[in-house]
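Written out below as structure tokens is the structure these notes cover.
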Amino acid sequence: MKENMRCLRNFFLYKCLFALIFWNHVSLSVESELFTSVSNDFPEDGSDKKIKNLPLLYTNSHQSKANFDWVVIQNTTESLSLSEITNYNVKKLVTLLSNFRQGSRLQNLTLTNMSVDWNAIIDVFQTVWHSSIEYFNVNNVTQLSDIKRCHFNYSGTSMKAVTMKKVVITSLYFTQDDLYRIFADMNVAALTIAESEMIHMLCPSSDSPFRYLNFLKNDLTDLLFKKCDKLIKLETLILQRNKFESLLRVSFMTSRMKSLKYLDMSSNLLHHDGADVQCQWAESLTELDLSSNQLTDAVFECLPVNIKKLSLENNQITSVPAGIAELKSLTELNLALNRLADLPGCSGFTSLEFLNIEMNSILTPSANFFQSCPRVRELQAGNNPFKCSCELQDFIRLERRSGGKLFGWPAEYVCEYPEDLRGTQLKDFHLSELACNTMLLLVTALLLTLVLVAVVAFLCIYLDVPWYMRMTWQWTQTKRRAWHNNPEEQETILQFHAFISYSERDSLWVKNELIPNLEKGEGCVQLCQHERNFVPGKSIVENIITCIEKSYKSIFVLSPNFVQSEWCHYELYFAHHKLFSENSNSLILILLEPIPPYIIPARYHKLKALMAKRTYLEWPKERSKRALFWANLRAAISINLPISFEANEEQSD
């Protein structure tokens, strides 16, 4: 029952408040687009809570002259928002605010869309200054009349913070000091003048209580607070989005601010060319934002020595120079959106714990980063154009050993090069150890080369490759000499039916059996034998080649003695060469005695091939079979030699 009564009481209290305000031509509005916020307008739980935020919208009516009892508002309102203030209703605003003397509950006041004269603005500020209001916000202010010098009484105020945004000055000709002096000498802890195209601000006349200054998005230049030593309590200074150009002059500006801890110079036109004059920063400065400027590598020559947090994001830095002044206290460094090609070392940042180097030009980051920066707890290196190669493998392994120190892994770490790997996450990129370990690759290549050389050497020795090369050379040289000696007689004329190749140890069989049976029998056969047909004065090799070329066939008497003869090997090689070069069937093999395969040298691989692929005549031990042997042999070498040669032979006989 008591709870219901309390709810009814609060409800009627709120209705009475609404009626009082409406009676004096002030209407309540809760439309969010007109006011900042509405909180605790009416207690929902039936308690005795007071109304903390009361948004008001002035009407343009001027007919009512009734007095208003502000006791209810004074006792219940902590925040008040007023909008659409003009020269027509500004006096009522001053009257309203004059009721909030010190001791009232009202602490926050917001004025939106003010379009009044300079004197009216001063009246409003002066009234607020001697009220209970601690936080004063003014948005969208248009000053219509000329600005003139005026006296402002700063004494006896409860004010802590003043915020002015989007202030438009319509006067074209006025003394700058008359405007800026009002704000420069304010005895508040925090002052914000933002988005107002302000071109200057004066140094306070005496030691200022300012601890927070925010001049966001104005037109301030390097002349701000030049040689100003009155901001001794200032801790935070925000000069973002202005027109500062010289980092050196900015450092001089702060050198007299003995308590400055945070400075925001982002989105200006700052540059530093490494001048001979040394930068002089406030020793107390620990946090500096220089992002979105035009700074290069030389910026590291002009930094506060006691800085702890530094942002150089979105500049033109290509590297962190070696030998820079050591920043022993630096724990956070932001180098994102620059032109760095590799991770910086920590030789100048021994206390670094957080590094942001995203969106640079890093293809293959160094894998020894955490070794040179042992205190780093988080590295943001994603969104770089990584080149997925062997060099990147070490960095990928580094992530596995880092224990989660790479921020954004794996989504923000993606291959950019080569094109066939573009879009592949680094965690999915793998190459074999052999492909990436240069030393292992060299050792493997060396071992393979040695093995190949050993195999080739073995085959050369086993197959007697040098011997074949020497024979090929001799064949070529012999043919060349023959061409030079008789260039007009290059067409070879066959003079013999067959050339006989045999071992000297088998000569008795050749002389007693082979030659008599072929030359003396029916169908006389002309044989070429080295003892009677080699030309004196010529080399043995040249004689062999000449005899083979002038013979229609080549007869090889095979036996264990044959495979032991070096000259027989020569003759077989040259005859075999003729076989392939002339595409002829000129070889006749006679197996005089069986040859065990194990006694045939490796270099006689051609002989092995011939015996395996070609038919050979085997000398029979039984006499009854020899007639057939001679018949088959004659048939194999039967050919009509050129008439001119046979006629010459008959005449010579």
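The values are calculated or read from the model by the stated rules, or taken from the named source; none is laboratory data. The model shown is predicted, which means the values in this text are computed figures rather than measured ones. Glycine also receives a Cβ, built like all others from the backbone with ideal geometry; neighbour counts cover every protein chain displayed. Heads up: the accessible areas ignore ligands, DNA and RNA and are worked out on the full protein's heavy atoms, side chains in. Shrake-Rupley method; radii C 1.70, N 1.55, O 1.52, S 1.80 Å.
Just a yes or no: is a residue in the range 240-258 open to solvent by 10 Å² or more (accessible area, probe 1.4 Å), within 23 Å of residue 301 (Cβ to Cβ) and in a strand (DSSP E or B)? Checked against the condition, which is being open to solvent by 10 Å² or more (accessible area, probe 1.4 Å), within 23 Å of residue 301 (Cβ to Cβ) and in a strand (DSSP E or B), the range 240-258 yields at least one hit. Listed by first and then second residue, the pairs linking a residue in the range 303-320 that is in contact (Cβ under 8 Å) with a residue 24 or more places away in the chain to a residue that is of a type in the set (A, V, I, L, M, F, W, C) and open to solvent by 40 Å² or more (accessible area, probe 1.4 Å), with Cβ atoms under 7 Å apart and 6 or more places separating them unless they lie on different chains, are 305/325; 313/337; 314/337.
Does residue 286 meet the test of being touching a residue at least 24 places away in the same chain (Cβ under 8 Å), of a type in the set (Ser, Thr, Tyr), out of contact with any Gly (no Cβ under 6 Å at 6 or more places or on another chain) and surrounded by fewer than 19 Cβ atoms within 10 Å (Cβ to Cβ)? Considered against the rule, which asks whether it is touching a residue at least 24 places away in the same chain (Cβ under 8 Å), of a type in the set (Ser, Thr, Tyr), out of contact with any Gly (no Cβ under 6 Å at 6 or more places or on another chain) and surrounded by fewer than 19 Cβ atoms within 10 Å (Cβ to Cβ), residue 286 comes out as no. Considering each residue of the range 115-125 in turn, none proves to be of a type in the set (Phe, Trp, Tyr) and either at positive phi or in contact with a helix residue (DSSP H, G or I) (Cβ under 7 Å, 6 or more places away or on another chain) (or both). Hey, could you check the range 93-131 for residues that are of a type outside the set (Lys, Arg), open to solvent by 10 Å² or more (accessible area, probe 1.4 Å) and in a loop (DSSP other than H, G, I, E, B) and say which is farthest from residue 79 (Cα to Cα)? Only one residue tops the list, namely 117. How many residues are aromatic (Phe, Trp, Tyr) and under 20 Å from residue 292 (Cα atoms) if we restrict to the range 308-362? Going through the range 308-362 one residue at a time, the tally reaches 1.
Among the candidates 269, 340, 327, single out the residue that is assigned to a loop (DSSP other than H, G, I, E, B) and modelled with pLDDT of 95 or more. Every option except 269 fails the conditions.
Going by the conditions given, is residue 167 part of a strand (DSSP E or B) and open to solvent by 20 Å² or more (accessible area, probe 1.4 Å)? Taking the combined requirement at face value, the residue satisfies it. Of the residues making up the range 132-157, those that are in contact with a Leu (Cβ under 7 Å, 6 or more places away or on another chain), among the aliphatic types (A, V, I, L, M) and either open to solvent by 40 Å² or more (accessible area, probe 1.4 Å) or part of a loop (DSSP other than H, G, I, E, B) (or both) are 133, 147.
Restricted to helices (runs of 4 or more DSSP H) entirely inside the range 580-653, those with at least 1 residues that are modelled with pLDDT of 70 or more and within 29 Å of residue 567 (Cα to Cα) are 605-613, 626-637.
Condition (residue is closer than 20 Å to residue 190 by Cβ and either crowded, with 19+ Cβ neighbours inside 10 Å or free of Cβ contacts under 8 Å to residues at least 60 places away in the same chain (or both)) applied to the range 266-275: is it met by at least one residue? Yes, the range 266-275 contains a residue that is closer than 20 Å to residue 190 by Cβ and either crowded, with 19+ Cβ neighbours inside 10 Å or free of Cβ contacts under 8 Å to residues at least 60 places away in the same chain (or both). Filtering the range 205-224 to residues that are open to solvent by 10 Å² or more (accessible area, probe 1.4 Å) and part of a loop (DSSP other than H, G, I, E, B) leaves 205, 206, 207, 209, 211, 216, 217, 219, 221, 222, 223. Taken as a whole, the range 446-461 holds no residue that is closer than 30 Å to residue 395 by Cβ, in a loop (DSSP other than H, G, I, E, B) and modelled with pLDDT under 90.
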